[in-house]
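> Here it is: the structure, laid out below.
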Amino acid sequence: MRVLVLNGPNLSRLGTREPDIYGTDTYADLTARCAAVAEALGIEVDVRQTDAEHELLGWLHEAADTGAAVVVNPAGWTHTSVALRDACALVTGPLVEVHLTNVHAREDFRRHSYVSPVATAVIAGLGIEGYAAALRFVAAQR
Ligand code: DQA
């Protein structure tokens with residue numbers, strides 16, 4: 001089973017980005033945790049990050065074409081992008097929306113997600129462990 005773990009804008013800055021909100025785990029820690037969990041589960045993961053929305057849309061098209069499962073943290077685009085929502089809707093495998101923080105406990109504008117209505121599941125507030133939980137869920141769908 002192949003899972004695309006897709007990360008949106010500014011997530012490469014984890015560790016130094018607003019550590020009081022996002023903690024001190026780095027993006028390298030996030031990718032290493034995903035790789036370790038995937039190995040334990042016997043699944044293949046491909047962890048990617050982009051600050052270019054068209055690149056994320058292309059990766060979602062790739063998942064739609066290959067039937068790959070998706071774990072996606074769309075970051076700021078969660079709250080702004082109809083195009084992202086439409087690309088997520090193309091994915092036929094499970095798609096889990098993940099947020100490091102509990103977006104419902106933050107600013108009002110973070111409470112709305114364009115992605116959640118087309119996601120299989122949503123995980124928010126578990127930090128990097130949210131990715132591990134998403135991978136365990138996706139692996140159980142095999
Ligand atoms: C985030 C929450 C978003 O509101 C924010 O724009 C991010 C990160 C999270 O993982 O908690 O960039 O998706």
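The values are calculated or read from the model by the stated rules, or taken from the named source; none is laboratory data. Since this is a predicted model, take the numbers as computed values, not measurements. Glycine gets a Cβ as well: all are built from the backbone with ideal geometry, and neighbour counts include every protein chain shown. Only protein heavy atoms, including side chains, enter the accessible area calculation; ligands, DNA and RNA are left aside. Shrake-Rupley method; radii C 1.70, N 1.55, O 1.52, S 1.80 Å.
> Output the residues belonging to segment 1-25 that are among the acidic types (Asp, Glu) and not in a loop (DSSP other than H, G, I, E, B). Break it down stepwise before answering.
Initially, segment 1-25 is screened for residues among the acidic types (Asp, Glu), giving 18, 20, 25.
If the condition is that a residue be among the acidic types (Asp, Glu) and not in a loop (DSSP other than H, G, I, E, B), then Asp20 is the only one that fits.
> Considering Leu4, Leu100, which residue is buried (at least 20 other Cβ atoms within 10 Å of the Cβ) and either within 16 Å of the ligand (Cβ to nearest atom) or more than 19 Å from Gly130 (Cβ to Cβ) (or both)? Please lay out each step first, then the result.
Working: Leu4 fails: either within 16 Å of the ligand (Cβ to nearest atom) or more than 19 Å from Gly130 (Cβ to Cβ) (or both).
When all the criteria are applied, what remains is Leu100.
Residue-by-condition table, conditions (1) surrounded by 20 or more Cβ atoms within 10 Å (Cβ to Cβ); (2) among the basic types (Lys, Arg); (3) not in a strand (DSSP E or B):
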position	(1), (2), (3)
Ala35	no, no, yes
Ala40	no, no, yes
Val71	yes, no, no
Thr78	yes, no, yes
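> Would you mind stating whether Ala83 is small (Gly, Ala, Ser), touching a Phe, Trp or Tyr at 6+ places or on another chain (Cβ under 9 Å), away from the ligand (no atom under 11 Å from the Cβ) and not in a loop (DSSP other than H, G, I, E, B)?
On the way: small (Gly, Ala, Ser): yes; touching a Phe, Trp or Tyr at 6+ places or on another chain (Cβ under 9 Å): yes; away from the ligand (no atom under 11 Å from the Cβ): yes; not in a loop (DSSP other than H, G, I, E, B): yes.
Against the criterion (small (Gly, Ala, Ser), touching a Phe, Trp or Tyr at 6+ places or on another chain (Cβ under 9 Å), away from the ligand (no atom under 11 Å from the Cβ) and not in a loop (DSSP other than H, G, I, E, B)), Ala83 qualifies.
> Filter segment 108-142 down to the residues that are open to solvent by less than 80 Å² (accessible area, probe 1.4 Å) and over 27 Å from Ile43 (Cα atoms) and list them by number.
Hits for segment 108-142 are Arg110, Ser113, Tyr114.
> I would also like to ask the following. Which of the residues that make up segment 43-69 are assigned to a loop (DSSP other than H, G, I, E, B) and among the acidic types (Asp, Glu)?
Of segment 43-69, the ones assigned to a loop (DSSP other than H, G, I, E, B) are 43, 50-52, 67-68.
Of everything in segment 43-69, just one residue is assigned to a loop (DSSP other than H, G, I, E, B) and among the acidic types (Asp, Glu), namely Asp51.
> What residue, of Ala133, Ala139, Ala121, is modelled with pLDDT of 95 or more, within 14 Å of the ligand (Cβ to nearest atom) and among the small types (Gly, Ala, Ser)?
Just one listed residue meets the conditions, Ala133.
> Oh, and also: Check segment 46-53 and report whether any residue there is without any contact (Cβ under 8 Å) to a residue 60 or more places away in the chain, surrounded by fewer than 18 Cβ atoms within 10 Å (Cβ to Cβ), of a type in the set (D, E, K, R) and under 21 Å from Gly125 (Cα atoms).
yes
> With respect to Arg17, determine if the residue is exposed (fewer than 15 other Cβ atoms within 10 Å of the Cβ) and not acidic (Asp, Glu).
Working: exposed (fewer than 15 other Cβ atoms within 10 Å of the Cβ): yes; not acidic (Asp, Glu): yes.
Yes.
> Shifting gears a bit: Here are Ala105, Ala89: which of them is within 15 Å of the ligand (Cβ to nearest atom), more than 14 Å from the chain's Cα centre (by Cα) and of a type in the set (A, V, I, L, M)?
Values: Ala89 fails: within 15 Å of the ligand (Cβ to nearest atom).
Within the list Ala105, Ala89, the selection yields Ala105.
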